[in-house]
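Structure first, then comments.
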2 protein chains.
Amino acid sequence: MLHGKAMIPNDVCTDCAVRDRALCGSLDDRELIALNSIGQRRRVARGQTIAWAGDEAVLCGNLLSGVLKLVAATANGREQTVGLLYPADFFGQPYAGDVDFTLSALTDTELCVFPRAAFERVLEDHQRMERLLLQRTFDSLNEARGRMLVLARKSAGEKLAGFLLDMAARAGASGCRATRDGPVTFDLPLTRGQIADVLGMTIETVSRQLTRMKQSGLIGLPGGRAVTISDREALAARAEAA
Amino acid sequence: MLHGKAMIPNDVCTDCAVRDRALCGSLDDRELIALNSIGQRRRVARGQTIAWAGDEAVLCGNLLSGVLKLVAATANGREQTVGLLYPADFFGQPYAGDVDFTLSALTDTELCVFPRAAFERVLEDHQRMERLLLQRTFDSLNEARGRMLVLARKSAGEKLAGFLLDMAARAGASGCRATRDGPVTFDLPLTRGQIADVLGMTIETVSRQLTRMKQSGLIGLPGGRAVTISDREALAARAEAA
DNA sequence: AACTGTCTTTGACCACGGTCAATGTCAGCG
DNA sequence: CGCTGACATTGACCGTGGTCAAAGACAGTT
């Protein structure tokens, strides 16, 4: 087994953009080959739906690039985005029957998908990976519960201020200019309508709150999807205002 | 090992009220003894708090009787109940650092608690149990997301109608008179204020909506915490009203 | 350039539900 | 018995944010 590592074919997993952050990071090279044989890459264009609520749960996998959303809907068509997924996040539900929420692409995305049944077998053989999935699921649960508080008890201004800070942190994590106070500019990956779906408000209220923040000097709106955080302090204060 | 079963001491696990429904149902008698040695029963009175948000996560366990609530709070004191726990439900978060939400007793309760670290070791030795926990956590996540939809997009009347149907189903599961259409009466385990905390509204709105439903003949309010579902059909319709 | 569709902004209006306040009900207890 | 405290109900008022409507900005296409 000399040069064992060098003998691994240059398959998709070994040059995976999210390998160290995704669930599969818990596997060694040999195990990755096995996993690779059941998975495949797939591109999904912005706006396309990957799985519909009510469908049988046949797929799961990792998000490689782009942003996905999970949407819940009432019988009469009202919608609420109940989760956003970013690169290295896992999607799908092992051991489930039907899918509960519609999964679709907010931007053009790249996925690494597995048949659910085959993935379950991998989980059974890799307790470490199953444990990581459990931890991630707990984290998602905590996040969902935190968002219940936001949806139920925060004002439109507080919701939006908090959302912008979240998005700034996430954008900063990639560009990663050290956390300093100066104004930061980034592009939102969501339209006003999609933001409204996430925060439980309407397009109009999102728009009005944004212009209010701009007028107060908290943010700038250079155009398009771009946002500038001009006064992070004040924005954070507004996110927790009484 | 003849009469193996008969030799098991009459410890707390073997006569546990929720044994077949709780997580430990995945263990055999021998394993139960091991688990039993690290767990202990505890009574918690109505209103008492078991763990505060921000504390180190030191405990987990199963609820034996009564109802628990998980509460999230904003920096300035607004509160939202983000989960209700019923007998046989698991609480706590293995592999976590700090507790994210305050856990307290809505009614007098009986718990079966384990030190978190010891429980984690049990999970490591019992993959089947860890898998059950994963499934439960997914279920909780789906429930939390479903409630995000309710909190963000449903009117006060819809929220309350849905809540009453939930509670009736849960009460019926115990009393278990076969699902028929006739009026059913049961006691809510929550005060108006606690219902408001769960549904993201105020005491006053809960009260007003209840009297409206009573006047419409959907329900009866015999007094105290009791509720009568007089017209389940109409109540279900109101839970999904446009 | 003009046309199209999508997204955004802004205004006018108003309803749902929150806030404040008073009163009612009931159990426990000195 | 009449307190007391917790919980519930009802009313009056009003603000936040939803609805409806119109106009503006912008990218892509022919």
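The values are calculated or read from the model by the stated rules, or taken from the named source; none is laboratory data. Here the structure is a predicted model, which means the values were calculated and not measured. Don't worry about glycine lacking a Cβ; one is built from the backbone with ideal geometry, like all the others, and counts go over all protein chains shown. Accessible surface is based on the protein model in full, side chains and every heavy atom, while ligands, DNA and RNA are left aside. Shrake-Rupley method; radii C 1.70, N 1.55, O 1.52, S 1.80 Å.
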Next item on the list: Run down the aspartates and glutamates and flag those whose C-alpha is under 20 Å from the C-alpha of A:Lys214, throwing out any fewer than 8 positions away in its chain.
Entry: A:Glu158, A:Asp166, A:Asp181, A:Asp187, A:Glu204, A:Asp231, A:Glu233, A:Glu240
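Do you know the relative contact order of chain B, to the nearest whole percent, from alpha carbon pairs under 8 angstrom that are 6+ apart? Walk me through the intermediate numbers first.
Details: 356 pairs, mean separation 44.0, N = 242.
Here the relative contact order equals 18 percent.
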Check: When the accessible area of the stretch A:5-151 is computed with all protein chains present and a 1.4 Å probe, what percentage of it is carbon and sulfur?
Finding: 48
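Regarding the protein assembly as shown, what's the average projected area of the Cα-atom convex hull, expressed in nm²? Could the numbers behind the result be given before it?
Details: hull surface 111.6 nm².
Value for the protein assembly as shown: 27.9 nm².
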Margin query: What number comes out for accessible area per residue over the protein assembly as shown if the probe is 1.4 Å? Units Å², please.
Written below: 48
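Size of the dipole of the stretch B:154-239 about the Cα centre, Lys and Arg at +1 and Asp and Glu at -1 on the beta carbon, nothing else charged, in debye to 20?
On the way: 12 positive and 8 negative charges, 11 e Å.
It works out to roughly 60 debye.
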Item checked: Size of electric dipole in chain A: Cβ of Lys, Arg +1 and of Asp, Glu -1, about Cα centre, debye, nearest 20 -> 800
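Please give the calculated 222 nm ellipticity per residue for the protein assembly as shown, where each DSSP H segment of at least 4 residues contributes -39500 (n - 2.57) and the sum is spread over every residue; nearest 500 deg cm²/dmol?
Values: 14 runs with 192 residues, N = 484.
About -12500 deg cm²/dmol.
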Margin query: Helix B:203-215 against the longest principal axis of chain B: what's the angle in degrees, Cα atoms only, rounded to the nearest 10?
Written below: 60
Next item on the list: Working from the alpha-carbon coordinates of chain B, get Rg over Rh, Rh being the Kirkwood radius.
Entry: 1.01
Check: Among B:Gly200, B:Gly77, B:Gly172, which one moves the most in a GNM of chain B with springs linking Cα atoms closer than 10 Å?
Finding: B:Gly77
Checklist line | the stretch A:83-160-the stretch B:74-93 distance, computed between alpha-carbon centres (Å) | finding: 20
Next item on the list: For the stretch A:155-239, just list the percent of Cα-Cα distances falling in each 5 Å bin from zero outward, please.
Entry: 3, 15, 28, 29, 17, 6, 1
Checklist line | On Cα atoms only, tilt of B:127-153 relative to the major axis of chain B in degrees | finding: 20
Note to self: Keeping all protein chains in the complex and leaving out DNA, RNA and ligands, what accessible area do you get for B:Asp98 with a 1.4 Å probe, in Å² to the nearest 10?
What the structure shows: 90
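How many square angstrom of accessible surface are buried between A and B, both sides summed, with a 1.4 Å probe and rounding to 100?
Values: alone 13820 and 13770 Å², together 23190 Å².
The buried area between A and B, both sides summed, comes to about 4400 Å².
Which peptide among A:40-52, A:147-159 comes first, and what is the full order, when sorted by highest mean count of other Cβ atoms within 10 Å?
Packing order, densest peptide first, comes out as A:147-159, A:40-52.
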Note to self: Only four residue types carry charge here, +1 at the Cβ of Lys and Arg and -1 at the Cβ of Asp and Glu. Report the dipole size of the protein assembly as shown about the Cα centre in Debye, rounded to the nearest 20.
What the structure shows: 1360
Next item on the list: Mind listing the long-range amide H neighbours of A:Leu59? Cut-off is under 5 Å, sequence gap 5 or more, other chains count too, H placed in the peptide plane at 1.01 Å from N.
Entry: A:Arg116
Note to self: Averaged over its residues, how many other protein chain Cβ atoms are within 10 Å of peptide A:151-164's Cβ atoms?
What the structure shows: 3
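Just add up the charged neighbours of A:Ala242: K/R +1, D/E -1, any other residue whose Cβ is under 13 Å from the Cβ of A:Ala242.
Working: positive: A:Arg153, A:Lys154, A:Arg238, B:Arg78; negative: A:Glu158, A:Glu240.
So the surrounding residues net to +2.
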